[in-house]
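To start, the structure under review is shown below, and the notes come after it.
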Amino acid sequence: MRRKLVAGNWKMNGSLAANAALLAEIKAGMAAVAVCDVALCAPAPYFAQCQAELAGSAIALGGQDVSAHAAGAYTGEIAVSMLQDFACRYVIVGHSERRAYHAETDELVAQKALRALQAGVTPIVCVGETLGEREAGQTDTVVGRQLQAVLNVLEAGQVSEIVVAYEPVWAIGTGKTATPQMAQDVHMALRAKLAEKNSAAAVEVRILYGGSMKPENAVELLAMPDIDGGLIGGAALKAADFLAIVAAAR
């Protein structure tokens with residue numbers, strides 16, 4: 001049985017003071033609800049603070065992006081070795097905001113995922129369709145293409161080492177959410193795509209839902225057979241909401 005994973009994505013939010021308060025609340029509440037794996041993907045300037053605050057806890061630290069390059073003249077980029085320096089266990093790659101605002105291609109996302117894997121950092125590979133693509137009936141085609149690009153650069157044995165996050169772009173920050181069945185249908189299609197590369201690994205890979213999961217809808221979404229957790233945006237910045245989602249993973 002796949003152990004659920006709830007990963008918070010702070011995006012470009014936070015301050016030293018706000019982070020300290022949020023982390024303290026989450027740590028205090030975790031003892032009562034620690035029923036799944038939990039990770040927090042923080043902005044890179046706060047890695048040192050988060051590493052120190054999370055030391056000795058069951059909460060893993062993650063990054064929000066990683067360079068496809070090992071090192072060098074790439075101003076503003078974050079090398080996977082830098083993630084390793086702060087004991088980051090996860091890193092988000094291919095988030096819809098990176099794809100939209102930074103023109104990241106499927107192929108670049110694949111190289112980032114491979115770079116992370118080779119360093120022992122688990123990539124959370126994001127896939128998802130826009131509202132126009134959904135309305136045109138292209139959901140399975142789009143997410144299948146995005147995931148296939150990553151599978152193309154992996155060995156069959158590496159498939160079980162990734163996490164996939166389905167984030168319908170039309171449901172992020174809009175207040176709209178896919179119904180549990182709509183989300184399940186896409187998760188099932190993604191698992192079938194994984195199975196084309198490695199059928200045994202496909203059963204093990206955790207596929208997270210990343211389309212505005214909140215305390216109000218988490219129980220229903222997490223009850224679906226192929227939804228193995230959540231990639232949480234706004235709700236990850238509120239300790240009570242985040243802990244409620246973690247509790248829903250029971």
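The values are calculated or read from the model by the stated rules, or taken from the named source; none is laboratory data. A quick note: this is a predicted structure, and the numbers were derived from the prediction, not measured. Positions of Cβ are generated from backbone atoms using ideal geometry, with glycine treated the same way; all protein chains shown enter the neighbour counts. In case anyone asks, the SASA skips ligands and DNA or RNA and just uses the protein heavy atoms, side chains included. Shrake-Rupley method; radii C 1.70, N 1.55, O 1.52, S 1.80 Å.
Against the criterion of solvent-accessible heavy-atom surface with a 1.4 angstrom probe, Glu77, Glu25 sort, most first, into Glu25, Glu77.
Given a 10 angstrom Cα cut-off, can you work out which residue in Ser81, Ser15, Ser199 is the most mobile in a GNM of the chain? Highest fluctuation of the listed residues: Ser15.
Which FRET efficiency value, to the nearest 0.05, do you get for Asn13 and Thr174 by plugging their Cβ-Cβ distance into 1/(1 + (r/R0)^6) with R0 = 22 Å?
Working: r = 18 Å, r/R0 = 0.81.
Efficiency, rounded to the nearest 0.05: 0.80.
If packing is taken as the average number of other Cβ atoms within 10 Å across a peptide's residues, how do 145-155, 106-116 rank, most packed first?
In decreasing order of mean packing, 145-155, 106-116 become 106-116, 145-155.
The distance between label points at Ser199 and Ser57 comes to 4.2 nm (points 7 Å beyond Cα on the Cα→Cβ vector). For the set Thr177, Thr141, solvent exposure ranked by accessible area (probe 1.4 Å, protein chains only) runs largest to smallest as Thr141, Thr177. The residues of segment 1-145 have, on average, 46 Å² of accessible surface per residue, using a 1.4 Å probe with all protein chains present. Multiplying the sequence separation of Thr141 and Ala100 by 0.36 nm and subtracting their Cα-Cα distance, what value in nm do you get? Value of the extension gain: 13.0 nm. Local charge for Ser212 was computed over the other residues whose Cβ lies under 11 Å away, with Lys and Arg +1 and Asp and Glu -1, and equals 0.
Starting from the Cα of Val35, move 7 Å in the Cα-to-Cβ direction to define the label point; list residues of segment 202-237 whose amide nitrogen is under 15 Å from there. What the label zone holds, given the 15 Å backbone N cut-off, is 215-224, 228-230.
Between segment 1-79 and segment 209-250, the alpha-carbon centres lie 17 Å apart.
Using unit Cβ charges (K, R positive; D, E negative) and no other charged atoms, how large, in debye to the nearest 20, is the dipole of the chain about its Cα centre? Walk me through the intermediate numbers first.
On the way: 20 positive and 25 negative charges, 73 e Å.
Charge dipole, the chain, about its Cα centre: 340 debye, nearest 20.
What the Cβ-Cβ distance of Ala20 and Val219 gives, at R0 = 35 Å and to the nearest 0.05, is a FRET efficiency of 0.70. Across the protein chains, with a 1.4 Å probe defining accessible surface, the residues Glu167, Glu220 rank Glu220, Glu167 from largest area downward. The share of accessible area on segment 50-133 that comes from carbon and sulfur is 52 percent, using a 1.4 angstrom probe. Spin-label model, Arg250 to Arg89: label points 7 Å out along the Cα-to-beta-carbon direction sit 2.2 nm apart. Pairs of lysine residues in the chain that meet both criteria, 8 or more places apart or on different chains and Cα atoms under 22 Å apart, total 16.
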